[in-house]
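The values are calculated or read from the model by the stated rules, or taken from the named source; none is laboratory data. Nothing here was measured: the structure is a model prediction, and the numbers come from that model. No Cβ is skipped: glycine too gets one built from the backbone with ideal geometry, and neighbour counts run over all protein chains shown. Side chains are part of the model used for accessible areas, which takes the heavy atoms of the whole protein and leaves out ligands, DNA and RNA. Shrake-Rupley method; radii C 1.70, N 1.55, O 1.52, S 1.80 Å.
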Amino acid sequence: MIAGYSILTVAFICIGVFAASFVDAIGGGGGLISLPTYIIAGLPTHLALGTNKLSSCIGTSASTVRYLRHGYADKALILPSAVLAVIGAHFGTSLQLKVSEAYLKPVLVAALFAAAAVMIKKKALPEEAGDIKRSAQWAIVLAAAFVIGAYDGFYGPGAGTFLLIIFCRLAKMDVRTASGNVKIVNLSSNVGALVTSFAAGKVLVPVGLCAAVFAVAGQYIGAGVMMKRGTKAVTPVILTVLGLLLLRLTLEFFGVWPF
């Protein structure tokens, strides 16, 4: 038994978290897999959310380090975007305790349709950086870090996918550099949300640490696939994540989502 859960239950969580982390390292959206895994395993919803942030934080660290070691990140943007992501996540998580997420779902569904339309119209994310003023790029990246960081703290699934599309399409980054900066923002927002969850006593540390070992493996392997295959790996993962997230929101809207 680990924190009151059987070895088989924890093993089930670890396998799900590995798969989620592999997907997340490539195109984001790992929360679509990991969060339901925790809940199916029997963790109450608030504990599942907090524990998921613990394993996600540790796992995302692995892919973040790997991207940085290979130079796949705009280093000048690291600190300011990380700070804004932490602040955004804190406010998002705090808001989650006060406001029903139902108010944000219509906006999120519209964003999903827009993102899917962009990906279908022009599937390949850029292998080379585009032409954009540096000041405009900074403004886009920092605004996205705060807004998506807040979303990650409030709701979560698909945050990395949204960031990758914004960084590539609007901030004109190449897909590998964008992926590195996405990981930095994602890690920072996870930390912000995790701190808030810890303060509320909603993290099951022993289970989260066990799952974190598999999260590290999944993120590390996924980052390697991403750096080797580039857009060939990213595009199908992003489209799949967007489809799953849209399906989830639709089922939730009609009251039939089981998790």
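Condition check: open to solvent by 10 Å² or more (accessible area, probe 1.4 Å) and aliphatic (A, V, I, L, M). Does Leu68 satisfy that? In short, yes. Take the conditions (1) farther than 20 Å from Leu244 by Cα; (2) open to solvent by 10 Å² or more (accessible area, probe 1.4 Å); (3) of a type outside the set (Lys, Arg); Cys168 misses just one of them, which is (2). From the list Ala48, Ala76, the one residue that fits, being open to solvent by 40 Å² or more (accessible area, probe 1.4 Å), free of Cβ contacts under 8 Å to residues at least 40 places away in the same chain, part of a helix (DSSP H, G or I) and not hydroxyl-bearing (Ser, Thr, Tyr), is Ala76. Of Ser56, Ser21, all but one fail to be of a type in the set (S, T, N, Q), part of a helix (DSSP H, G or I) and within 16 Å of Val203 (Cα to Cα); the exception is Ser56.
Filter segment 171-198 for residues that are surrounded by 21 or more Cβ atoms within 10 Å (Cβ to Cβ) and not in a helix (DSSP H, G or I) and give the result. Residues satisfying the conditions are Ala171, Met173.
Evaluating Ala129 against the criteria (1) within 15 Å of Phe167 (Cα to Cα); (2) modelled with pLDDT under 90; (3) part of a helix (DSSP H, G or I) leaves one unmet condition, (3). Of all residues in segment 194-217, those satisfying the criterion of being at pLDDT 90 or above and under 17 Å from the mean Cα position of the chain (by Cα) are Leu194, Val195, Gly208, Ala211, Ala212, Phe214, Ala215, Val216, Ala217. Out of all the residues in segment 76-89, is one or more at pLDDT below 90 and in contact with a Ser or Thr (Cβ under 9 Å, 6 or more places away or on another chain)? There is no residue in segment 76-89 that is at pLDDT below 90 and in contact with a Ser or Thr (Cβ under 9 Å, 6 or more places away or on another chain).
If only residues of segment 26-42 that are of a type in the set (A, V, I, L, M) and over 19 Å from Gly153 (Cα atoms) are counted, the one that is surrounded by the most Cβ atoms within 10 Å (Cβ to Cβ) is Ile26.
The set of residues from segment 1-51 being within 18 Å of Val191 (Cα to Cα) and more than 11 Å from the chain's Cα centre (by Cα) comprises Val17, Leu35, His46, Leu47, Ala48, Leu49, Gly50, Thr51. If you check Leu8 against the conditions, is it over 18 Å from Leu194 (Cα atoms) and open to solvent by 10 Å² or more (accessible area, probe 1.4 Å)? So Leu8 passes the test.
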